[in-house]
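Below is one structure, written out as structure tokens, with a few remarks after it.
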Amino acid sequence: MHRLKVIDDFSSAHQLRGYQGECEELHGHNWKVEVEVEGEKLDSVGLLIDFKELKQLVHTVIGELDHRFLNDIKAFKDTNPSSELIARYIYSELKNKLPSQVTLVSVTVRESENACAVYFE
């Protein structure tokens with residue numbers, strides 16, 4: 001098996017409705033997103049997927065979140081845009097965009113250097 005990881009980032013604001021504390025107030029993060037994929041079969045060049053292609057797919061998904069108020073995005077109208085749910089959202093949006101020989105392993109969303117959420121199936 002081969003496993004690849006790419007890292008990208010986006011900036012956005014959110015607030016956690018019903019949270020008892022500072023995070024209930026409007027605030028922002030410079031989110032870092034790590035995406036891991038895996039697969040067995042390499043192409044004729046020896047690649048599972050070109051890093052450039054994988055980065056573009058990730059960037060397409062997180063581009064929808066960049067410089068936005070996440071609570072206004074349809075996926076978060078009825079749920080809080082917590083790190084956990086952002087990771088799940090990115091995973092679900094990215095999963096079906098990958099080539100058939102590539103399996104999405106996990107999506108990690110870092111809201112700070114010291115705090116992250118990981119989503120995988």
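Data overview
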{"read-out": "Matching residues, the stretch 2-27, being farther than 20 Å from Thr60 by Cα and either hydroxyl-bearing (Ser, Thr, Tyr) or exposed (fewer than 14 other Cβ atoms within 10 Å of the Cβ) (or both)", "value": "Arg3, Arg17, Gly18, Tyr19, Gln20, Gly21, Glu22, Glu24, Glu25, Leu26, His27"}
{"read-out": "Residue match in the stretch 53-67 (condition: modelled with pLDDT of 95 or more and in contact with a Pro (Cβ under 9 Å, 6 or more places away or on another chain))", "value": "yes"}
{"read-out": "Condition met for Ala117 (within 14 Å of Val33 (Cα to Cα) and surrounded by fewer than 18 Cβ atoms within 10 Å (Cβ to Cβ))", "value": "yes"}
{"read-out": "Extreme residue, farthest from Ile73 (Cα to Cα), among residues of the stretch 9-62 that are outside any loop (DSSP other than H, G, I, E, B) and among the basic types (Lys, Arg)", "value": "Lys52"}
{"read-out": "In the stretch 65-102, residue surrounded by the most Cβ atoms within 10 Å (Cβ to Cβ) [restricted to those that are among the acidic types (Asp, Glu) and within 21 Å of Phe120 (Cβ to Cβ)]", "value": "Glu93"}
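The values are calculated or read from the model by the stated rules, or taken from the named source; none is laboratory data. Since we're looking at a predicted model, the values are computed, not measured. As a convention, Cβ positions derive from the backbone with ideal geometry for all residues, glycine included, and neighbour counts pool all protein chains shown.
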